[in-house]
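Please read the structure below before turning to the comments.
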Amino acid sequence: MRNPLADLTIPVLDDLIESDYVRSLIVGTVGVLGVLLVFGALFPETVVGDLSGIVFSTSTAASTSRLAAPIVLAGLGGIFAEKSGVINIGLEGLLIISAFVSVYVASVVGIGNTVLGVPAIWVGFLGGIAASTALAGVFGVVCIEFKADQIIAGLAVWLIALGLAPFMSTVFFGGVNTPNLGARIGWRYSATMVVVATVASWWALNRTAFGKHLRAAGENPKALDTVGISVSKVRHAGVLLSGVLSGIGGSALALSIGQFIGSGETMVQGKGFIAIVAYLFGNYNPVGTLGAGVLFAGLDATQIRLQQLGYAVPDTLVQTIPYVVVIVVLALVGRTRLPEAAGEHYETED
Amino acid sequence: MNPAVHMDGITKRFPGVVANDDVDLAVERGSVHALLGENGAGKTTLMNVLYGLYEPTEGTVFLDGEPQSFDSPRDAIDAGVGMIHQHFMLVDPMTVWENVVLGNEPKTWGGLRVDEDAAREAVADLSERYGFDVDPDARIEDVSVGVQQRVEILKALYRGADVLILDEPTAVLTPQEVEDLYGVFEELTDQGKTIIFISHKLSEALSAADEITVLRDGVNVGTVASGDVTREDLAQMMVGREVLMDPATTPQEPGERVLEVTDLRADDDRGVEAVSGISFELRAGEVFGVAGVDGNGQSQLVESITGMRDPTEGSITYLGEPMAGESRREHIDRGMAFIPEDRQERGLVMSYDLTENGILGSQHDPPFAENGRLDWRASRDHAESVIEQYDVRPPNADAEAEDLSGGNQQKFIVGREFERDPELVVAMHPTRGVDIGSTEFLHDRLLELRAEGKAVLLISSKLDEVQGLSDRLAVIHEGEFTGVVDPGTVTEEEIGLLMAGERLDDDSVEGAALHDAATDLAGDSGDEEVDA
């Protein structure tokens with residue numbers, strides 16, 4: 001008799017992992033972590049021991065999940081936009097605007113108060129999502145209806161948010177950094193949202209009719225148009241979803257420490273751009289994007305802790321670790337395939 | 001009984017143009033109807049009216065006697081009219097079934113899940129019912145063009161189409177796939193479907209259609225039963241004057257050896273050997289034809305000869321000098337003209353105007369370039385002279401290449417290349433997508449070059465073209481010449497066998513492959529012409 005388990009598990013796994021590429025990514029990451037764990041346990045006094053101690057500590061897990069939330073969620077959003085044919089490089093801007101608005105709304109409501117029974121911090125969370133979605137909506141209209149160049153419009157989204165958020169913070173709070181709310185969302189919420197969003201995105205992209213339409217809109221919009229489905233509606237939906245998901249990511253980032261930091265590159269610090277790398281690295285597969293996002297966030301968290309250990313390596317050099325990894329990874333990958341019509345405007349004939 | 005489709009007095013005006021002028025068309029249920037005409041005759045406009053893309057300015061469309069008014073293709077689909085476009089509307093990385101059901105996916109779980117099993121089954125059922133032999137789970141990018149076309153047909157059938165419109169369905173197919181398509185037509189009409197296809201190829205209309213309607217300048221010139229007419233009749237209806245169907249070649253002694261290719265081997269882009277040891281020579285005043293199903297190494301052979309691909313082995317001698325490995329510019333400078341197979345990819349820069357396109361390849365040379373500057377006046381004069389001599393429309397040197405129809409783009413490229421005053425012309429599919437009137441003109445120009453003592457290497461998948469124009473005809477199969485034959489005496493069956501990779505045992509035909517036989521053969525084909 002055949003083992004019923006074999007029939008049950010393998011197809012699901014295969015579907016989820018989808019390609020050899022993503023599989024090797026996952027195996028590689030797990031493998032590196034395993035080696036680290038073993039060597040760390042064997043030689044606790046060495047650098048490897050230190051590293052292993054950092055990587056497998058709860059605080060690193062917490063900080064990884066906090067840092068991973070914006071990367072993975074914006075990355076998932078980026079998949080929806082790009083699969084539909086609109087390259088959204090404004091993810092960074094969407095993260096910034098939602099990070100600020102979430103804190104702002106929460107402070108306006110006032111910690112301790114509720115709206116319709118929803119605690120202020122969660123009202124702020126929803127506010128952040130709304131702001132990001134609205135900005136994505138504007139981006140969508142500019143790109144889809146007015147046929148603006150997607151790259152330039154995306155940069156505009158980033159620059160607008162980069163300027164606007166610290167400015168608003170100065171107007172409302174008297175400084176580019178908002179005061180701390182004194183309340184925050186635990187890292188387990190972020191982690192849960194990331195996992196739920198990843199699975200839901202995967203389902204939406206691969207199992208629903210909407211996912212198929214999205215893919216067709218990005219690959220051959222004419223094929224979709226000729227079967228009577230509006231390409232621009234599908235693309236708007238893709239872009240709005242990138243706003244919703246980035247909004248969750250940005251709000252989670254800011255509310256997990258209860259403050260918006262607007263100095264320099266703001267607290268988002270290029271996570272929106274890393275998100276683009278993450279979904280390309282994951283080859284437009286939400287599961288791969290999750291893996292890539294966690295990898296980068298993990299490196300970032302490790303890097304922060306490494307600085308604290310005080311090796312004779314300049315901090316600035318240690319800070320570059322995640323970015324060096326990004327470059328190496330991109331150089332090694334080079335296999336992702338952009339949707340055929342991504343970046344192209346579509347005009348119906350009639 | 002009412003005809004399945006009846007278009008009554010259709011007039012379609014665009015600003016400044018009457019695309020269809022009071023056209024009547026009636027198609028019986030279960031029949032195949034060909035809509036024949038030159039490029040720009042209004043065939044596609046008429047079908048776009050039937051498909052709901054355009055609203056007619058005047059006239060009515062009846063389906064089964066019921067008057068219809070379509071606002072959009074969606075309405076036409078709902079009324080049972082399906083269109084298979086020339087450029088397939090398929091999503092390459094998706095599977096066959098995903099493409100077929102796109103936009104009409106069966107759903108379960110309250111719409112949250114596409115019912116894949118139901119979709120797959122529906123596609124498999126349809127495929128089986130019409131004998132299509134299509135795997136629902138194959139990816140579009142992995143299947144042949146012929147199969148992709150069937151997927152398009154399946155898409156229309158899945159949406160309940162009774163009337164199928166096909167726009168130039170054979171343009172992208174190999175001869176074998178064309179035969180298969182005719183089989184599909186029969187299967188479909190047997191089961192009560194009605195087929196209308198657009199074409200500008202006479203042979204296609206004659207062999208596949210029950211009835212043929214010819215359009216010229218937007219007017220219905222006549223509807224005839226395909227059994228009652230000849231190619232010549234149809235050509236005359238299409239063009240409006242008598243057309244010489246077979247180009248008249250005159251016997252001619254070949255002169256100096258222009259090109260000699262010895263044991264040439266070349267790989268394709270994936271590194272798989274595509275040309276496997278080809279040898280031939282070509283003399284001045286000679287047309288050497290290469291026939292074969294597309295994708296048997298023709299592209300790589302031509303690319304090697306024209307300097308776009310480095311051969312892995314073998315030598316190419318051009319006018320007495322070794323040529324393999326030389327740059328493209330060197331090839332052009334030494335007088336090798338090239339009509340590429342893909343005019344939009346390699347022949348023209350689509351966003352350049354004709355003045356700019358006209359000097360491509362000559363941009364280094366006087367009179368167009370002097371002291372590192374381009375002389376736009378000379379360039380423009382050159383473009384205008386090509387436009388005039390080769391009847392390129394619209395006759396405007398400022399028009400961008402992408403604004404020209406495919407046939408006119410092709411005429412412009414042929415003009416540019418022929419006006420280089422070349423010693424050797426390498427012409428790949430020189431008349432692909434060109435209407436009969438222009439084809440005749442281009443053929444005449446090729447033969448004029450031959451008469452001027454130029455050498456011509458002609459590669460075409462149109463058998464009648466290579467056969468009619470060549471002095472010697474090679475047949476290529478999987479990177480090798482399966483035979484070099486005398487086009488005047490060889491039969492279509494023999495060529496078909498050679499194209500399929502079989503070699504003919506006949507010594508006399510094999511003998512034609514020898515270089516020394518070239519002169520005799522030219523004489524032979526001359527006799528043939530006199531007899532004919």
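The values are calculated or read from the model by the stated rules, or taken from the named source; none is laboratory data. Keep in mind that this is a model prediction, so the values were computed, not measured. Glycine gets a Cβ as well: all are built from the backbone with ideal geometry, and neighbour counts include every protein chain shown.
Give the range B:27-55 a look and list any residue that's touching a Phe, Trp or Tyr at 6+ places or on another chain (Cβ under 9 Å) and farther than 29 Å from residue B:404 by Cα, or say none. The one that is touching a Phe, Trp or Tyr at 6+ places or on another chain (Cβ under 9 Å) and farther than 29 Å from residue B:404 by Cα: B:32. When B:53, B:46, B:25 are screened for being in contact with a helix residue (DSSP H, G or I) (Cβ under 8 Å, 6 or more places away or on another chain) and either more than 14 Å from chain A (Cβ to nearest Cβ) or of a type in the set (S, T, N, Q) (or both), only B:25 passes. Filtering B:92, B:133, B:64, B:117 for residues that are surrounded by fewer than 20 Cβ atoms within 10 Å (Cβ to Cβ), over 23 Å from residue B:186 (Cα atoms) and more than 8 Å from every other protein chain (Cβ to nearest Cβ) leaves a single hit, B:117. Is the range B:11-21 home to any residue that is crowded, with 22+ Cβ neighbours inside 10 Å, under 24 Å from residue B:439 (Cβ atoms) and not acidic (Asp, Glu)? Yes; the residues of the range B:11-21 include at least one that is crowded, with 22+ Cβ neighbours inside 10 Å, under 24 Å from residue B:439 (Cβ atoms) and not acidic (Asp, Glu). Across the range A:231-268, the qualifying residues are those that are in contact (Cβ under 8 Å) with a residue 24 or more places away in the chain and within 14 Å of chain B (Cβ to nearest Cβ), and the one among them that is farthest from the chain's Cα centre (by Cα) is A:231. Residues considered: A:187, A:158. Of these, the only one that is under 19 Å from residue A:137 (Cα atoms), away from chain B (no Cβ under 14 Å) and aromatic (Phe, Trp, Tyr) is A:158. For the range B:382-392, filtering for residues that are out of contact with any Pro (no Cβ under 6 Å at 6 or more places or on another chain) and surrounded by 16 or more Cβ atoms within 10 Å (Cβ to Cβ) leaves 6. The condition of being out of contact with any helix residue (DSSP H, G or I) (no Cβ under 7 Å at 6 or more places or on another chain), at pLDDT 85 or above, farther than 22 Å from residue B:462 by Cβ and hydroxyl-bearing (Ser, Thr, Tyr) holds for only one of B:299, B:279, that being B:279. Whenever a residue of the range A:212-228 is within 7 Å of chain B (Cβ to nearest Cβ), its partners that are assigned to a helix (DSSP H, G or I) and of a type in the set (Lys, Arg), lying with C-beta atoms within less than 8 angstrom and at least six residues away or across chains, give the pairs A:215/A:83; A:227/B:155; A:228/B:74.
For the range B:77-95, the count of residues that are assigned to a helix (DSSP H, G or I) and aromatic (Phe, Trp, Tyr) is zero. Checked against (1) crowded, with 21+ Cβ neighbours inside 10 Å; (2) over 19 Å from residue A:187 (Cβ atoms); (3) among the aliphatic types (A, V, I, L, M); (4) touching a Phe, Trp or Tyr at 6+ places or on another chain (Cβ under 8 Å), residue A:205 passes all but a single condition, namely (1). Does residue B:87 meet the test of being assigned by TED's automatic domain parsing to the domain that holds residue B:13, under 30 Å from residue B:438 (Cβ atoms) and in contact (Cβ under 8 Å) with a residue 60 or more places away in the chain? So residue B:87 fails the test. Which of the residues spanning the range A:192-211 are out of contact with any Lys or Arg (no Cβ under 8 Å at 6 or more places or on another chain) and more than 11 Å from chain B (Cβ to nearest Cβ)? Residues satisfying the conditions are A:192, A:193, A:194, A:195, A:196, A:197, A:198, A:199, A:201, A:202.
Selection of first residues in the range B:54-80 that are assigned by TED's automatic domain parsing to the domain that holds residue B:155 and of second residues that are among the acidic types (Asp, Glu), restricted to Cβ pairs under 6 Å at least 6 apart or on distinct chains, gives the following pairs, ordered by first then second residue: B:59/B:8; B:60/B:8; B:80/B:162. Of all the residues in the range B:96-109, those that are facing chain A (nearest Cβ under 9 Å), surrounded by 20 or more Cβ atoms within 10 Å (Cβ to Cβ) and either in a helix (DSSP H, G or I) or of a type in the set (Lys, Arg) (or both) number 3. All conditions but one from (1) closer than 30 Å to residue B:236 by Cβ; (2) under 22 Å from the mean Cα position of the chain (by Cα) apply to residue B:89; the one that does not is (1).
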